[in-house]
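Everything on this sheet refers to the single structure shown next.
Values in this text are rule-based calculations from the coordinates and carry no lab data. All values derive from a computational prediction rather than experimental measurement. With ideal geometry, Cβ positions are generated from the backbone for all residues, glycine too; neighbour counts draw on all protein chains shown.
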Amino acid sequence: MRPHFVTATGTDIGKTFVSACLLRHWRATGLSPDAFKPLVSGIDPNDPAGSDPAALIDAMGLDMTPGTLDRVSPWRFAAPLAPNMAARQEGRRVPYSAMLAACRRRIADATGPLLIEGVGGVMAPVDDGATVLDWMAELRLPSILVAGTYLGTISHILTAVEVLRARGLSLSALVLSETPEGTVPPGDTIAALRPFLGNALPILHLPRLPAGCFSHECITQLSKIVCP
């Protein structure tokens with residue numbers, strides 16, 4: 001059960017949605033999964049309900065408390081910006097080295113499936129000198145790449161895959177998280193990607209499921225890939 005890093009082609013694509021579905025699926029099969037999203041921006045410090053950390057906490061079957069929030073997302077910033085920009089607005093800095101150390105501790109302590117979730121897209125800045133890609137390269141975990149089904153997603157996907165492979169990072173699966181009101185059929189996107197990505201990389205389509213739902217063929221397949 002090797003931990004996986006969940007990243008995306010951009011922000012608000014569906015990383016947390018995919019992570020939460022996996023966490024619920026694993027719990028339903030009797031496993032005790034864990035999730036760590038150490039950095040988060042755009043979160044109300046007085047009311048975290050509805051935030052990405054809240055979704056992960058709920059998916060793990062935990063109560064929202066200051067302790068669980070700190071455990072899942074210890075570094076939180078209010079402005080809906082890249083973490084380094086959001087931190088600057090608060091007169092703070094992203095403690096990049098401490099964040100990496102926290103990730104490594106969580107990996108070392110994992111006794112079941114563990115997802116470490118990034119912020120924004122693959123090339124989103126984390127601090128003033130590092131991107132999510134640099135963060136991933138430090139941890140050397142296999143990754144799940146989440147993308148949308150909007151017009152233009154193919155270019156974003158191929159760019160993300162290219163930079164991941166250029167850094168020697170392992171990609172376990174590409175998940176097309178269905179874009180609300182997307183105009184491009186997911187099947188057409190998958191067919192268009194195959195000549196460029198080949199047949200070895202699993203490309204899965206996850207529709208927008210009702211709140212709290214996790215039962216879908218895509219999640220079952222993804223679970224078998226991530227946690228065989």
**Message:** Are there any GluC sites (Glu not before Pro) in region 161-228 that are in a DSSP loop and have at most 14 other Cβ atoms within 10 Å? List them by number.
**Reply:** Glu181
**Fill in**
With no solvent term and unit scatterers on the alpha-carbon positions of region 145-228, Debye gives log₁₀ I(q)/I(0) at q = 0.12, 0.17, 0.20 Å⁻¹ of -0.36, -0.71, -0.97
**Prompt:** In nm, what is the difference between 0.36 nm times the number of residues separating Ala137 and Arg194 and their Cα-Cα distance?
**Reply:** 18.0 nm
**Residue-wise HN-Hα coupling along region 17-27, computed from phi with Karplus coefficients 6.51, -1.76, 1.60 (Hz; x: Gly, Pro)** = 4, 5, 4, 5, 4, 5, 4, 5, 4, 4, 4
**Request:** Please figure out what share of the DSSP beta bridges in the chain is antiparallel and state it in percent, rounded to the nearest 5.
**Result:** 10
**Request:** Measure of size requested: the Rg and Dmax of the chain, with Cα atoms as the atom set and Å as the unit; please supply both.
**Result:** 16.6, 48
**Item:** Cut-off under 5 Å, modelled amide H: who pairs with Trp75 long-range
**Value:** Val40
**Request:** Would you order Thr65, Thr153 from fewest to most other beta-carbon atoms within 10 Å of each residue's own beta-carbon?
**Result:** Thr65, Thr153
**Complete:** Unit-weight point scatterers at every alpha-carbon of region 1-93, Debye formula, q = 0.20 1/Å: log10 I(q)/I(0) is -1.00
**Message:** What does the charge count around His205 come to, taking other residues whose C-beta lies under 12 Å from its C-beta (Lys +1, Arg +1, Asp -1, Glu -1)?
**Reply:** -2
**Request:** Could you go through region 125-134 in sequence order and give the Karplus-derived ³J(HN,Hα) for each residue, using 6.51 cos²θ - 1.76 cosθ + 1.60 with θ = phi - 60°, rounded to whole Hz, and x for Gly and Pro?
**Result:** x, 9, 10, 6, x, 9, 10, 4, 4, 4
**Interchain or long-range residues, amide H under 5 Å from Ala130's placed H** = none
**Request:** Please give the FRET efficiency for Leu151 paired with Thr220, using the beta carbon to beta carbon distance and R0 = 30 Å, rounded to the nearest 0.05.
**Result:** 0.55
**Prompt:** In terms of modelled amide H atoms, which long-range or inter-chain residues lie less than 5 Å from the amide H of Val175?
**Reply:** Leu145, Val146, Ala147, Leu204
**Request:** Output the relative contact order of region 4-226, whole-number percent, from Cα pairs under 8 angstrom with separation of 6+ residues.
**Result:** 26
